[in-house]
Amino acid sequence: MKLLVTGGAGFIGSNLIRYLLERSERELGLEVSRVVTLDKLTYAGNRSNLRDFDDDPRHVFVVGDICDAELVGSLLREHQIDAVMHLAAESHVDRSINSPEDFIQTNVVGTYRLLETFRHYLAERKWKPTTAKSLKDGGEYLFLHVSTDEVYGSLAGGEVAFSETSSYSPNNPYSASKAGGDHLARAYHHTYGMPIVTTNCANNYGPYQFPEKLLPLMILKILRGEPLPVYGDGKQVRDWLYVEDHCRGLVMAMMAGQFGETYMIGGRCEMKNLDVVHAIIDTVREMAPERVSQTAAELITYVEDRPGHDRRYAINPERMERELGWQPRMDFLSGLRRTVQWYLANHDWVRDVEIGRYRGERLGMID
Ligand code: NAD
């Protein structure tokens, strides 16, 4: 297959490209002859995340904006793309609260431009809606729209986890803009019959995550002996999934997901933020004991809660498990060890990100 991956220089995108080029054929039988990465390289995009593939003739890296319909159209035509995997987004809730505009532009307008450009591309290729229900079932093209569990809003303690039939209830500009993109993807399938599959995933963690997000932020602060900012009472619950498990799920949803359908991807791993922070401290202490001299109580600092902070997210991934045969492989503590190991071993990557701080980027805390 020939793929266009948007946002491929970000956290999940770069892990996905690694999975596509190194493992998808062996594990899932998906042979990839071309991956075109389209990324604007915002503060969250890091070209070095994909340096390993600079000499791989199957990979092409293009710096550009998903809002640029002309560029997207020319990439689709030049590389005769079979499937778009759309991950490009503004993704940091705190930033969306301080400045929502970029979120509307990329997550709503950008998604619209991609869908519209893909629609014109299919028309040029004389594609017509057929009876095929998925790529596996004989479909020729696919648009995989990658989204988040945050579009469903907040759950109370005893409520059942989000599923594909949960109603949308976004509570911050990030989740509202992602919800807008999801609705457009749904509408383009229903209106034009386009082959579109949507996935909504839980919180990811793993290598290459920008250190404004909870796990890398805490790991790096522990290593520096800096206070660990915990929002409110720290009892917000998130459902955690190791990024490689998400990437395999995305490829499976692309290959066999039913057109027009949604799939929830989650690790059945609900944890309170405070428990996650304690687990990170314990793991860093276990793996680099000489670098952690303070106790958890000395490190943790409670800070004012984020406005509109959702209390609990939880995903029911039964459909992925039942229909697509997907299962997470990594338990939280093993994934956490791998993640800590990666940040300990990749000083240069961390240093490059720190240079971004000199451009005035403020690192905050997020889930
Ligand atoms: P990220 O912020 O690490 O990466 C986003 C990438 O998109 C960056 O490389 C950035 O440069 C690029 N980008 C931003 N605007 C662009 C534009 N206009 N044109 C082209 N490229 C642009 O995000 P991530 O954590 O890797 O998330 C990827 C996707 O997965 C997003 O759609 C996000 O909503 C979704 N998601 C993330 C999580 C999570 O826990 N991180 C969970 C569920 C879903």
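The values are calculated or read from the model by the stated rules, or taken from the named source; none is laboratory data. Just so we're clear, the structure is a prediction, and the values are computed from it rather than from any experiment. In this analysis, Cβ positions are derived from the backbone assuming ideal geometry, glycine residues included, and neighbour counts consider all displayed protein chains. Areas reflect the complete protein model, heavy atoms only, side chains present, ligands, DNA and RNA absent. Shrake-Rupley method; radii C 1.70, N 1.55, O 1.52, S 1.80 Å.
Of the solvent-accessible surface of the chain, computed with a 1.4 Å probe over protein heavy atoms with every protein chain present, carbon and sulfur atoms account for 47 percent. Compute log10 of I(q)/I(0) for segment 254-309 with the Debye formula, placing one identical point scatterer on every Cα and leaving out solvent, at q = 0.21, 0.22, 0.23, 0.25 Å⁻¹, to two decimals. At q = 0.21, 0.22, 0.23, 0.25 Å⁻¹ the computed log10 ratios are -0.91, -0.95, -1.00, -1.07.
Straight-line cross-link partners of LYS126 among the aspartates and glutamates, defined as a Cα under 18 Å from its Cα and at least 8 positions apart when in the same chain: GLU78, ASP82, GLU116, GLU140. Model label points for LYS126 and GLU323, set 7 angstrom from Cα along the Cα-to-Cβ axis, are 3.2 nm apart. Grouping the Cα pair distances of segment 20-128 into 10 Å bins from zero gives a pair-distance distribution of 12, 38, 35, 14, 1 percent in increasing distance order. Percent of Cα pairs in the chain per distance bin of 10 Å, from zero to the largest separation: 5, 25, 35, 24, 9, 2, 0. Backbone amide hydrogens, once placed in the peptide plane, bring THR148 within less than 5 Å of CYS201, excluding anything fewer than 5 places away on its chain.
So what is log10(I(q)/I(0)) for segment 233-367 at q = 0.12, 0.14 1/Å, when the Debye sum runs over its Cα atoms only? Each listed q maps to, in turn, -0.66, -0.87. A simple rule links phi to the HN-Hα coupling: the Karplus curve 6.51 cos²θ - 1.76 cosθ + 1.60 with θ = phi - 60°, which for segment 341-347 gives 4, 5, 5, 5, 8, 10, 4 Hz, with x for Gly and Pro.
Segment 161-289: D in µm²/s via Stokes-Einstein (Kirkwood Rh, Cα pairs, 20 °C, 1.002 mPa s)? After rounding, the answer is 127 µm²/s. Taken per residue, the accessible surface of segment 132-183 reaches 40 Å², heavy atoms only and a 1.4 Å probe. Counted over segment 123-182 with a bin width of 5 Å, the fraction of Cα pairs per bin, in whole percents, is 4, 14, 19, 15, 12, 13, 12, 8, 3, 1, 0. The modelled label-to-label distance for the pair SER167/LYS133, using points 7 Å beyond Cα in the direction of Cβ, is 2.8 nm. The C-alpha atoms of the chain define a longest principal axis, and helix 69-78 lies at about 70 degrees to it. Average accessible surface for segment 292-333: 56 Å² per residue, computed with a 1.4 Å probe over protein heavy atoms with every protein chain in place. Excluding ligands, DNA and RNA, the accessible surface per residue across segment 189-283 is 25 Å² with a 1.4 Å probe. Per-residue extension of 0.36 nm, minus the Cα-Cα distance of GLU31 and VAL303, leaves a gain of 93.1 nm for this segment.
At R0 = 22 Å, how high is the FRET efficiency between ARG291 and ASP56 if r is their beta carbon distance? Nearest 0.05 is fine. The pair ARG291/ASP56 has a calculated efficiency of 0.05.
Within a straight-line Cα-Cα reach of under 16 Å, LYS136 can be paired with the following lysines, leaving aside sequence neighbours fewer than 8 residues apart in one chain: LYS2.
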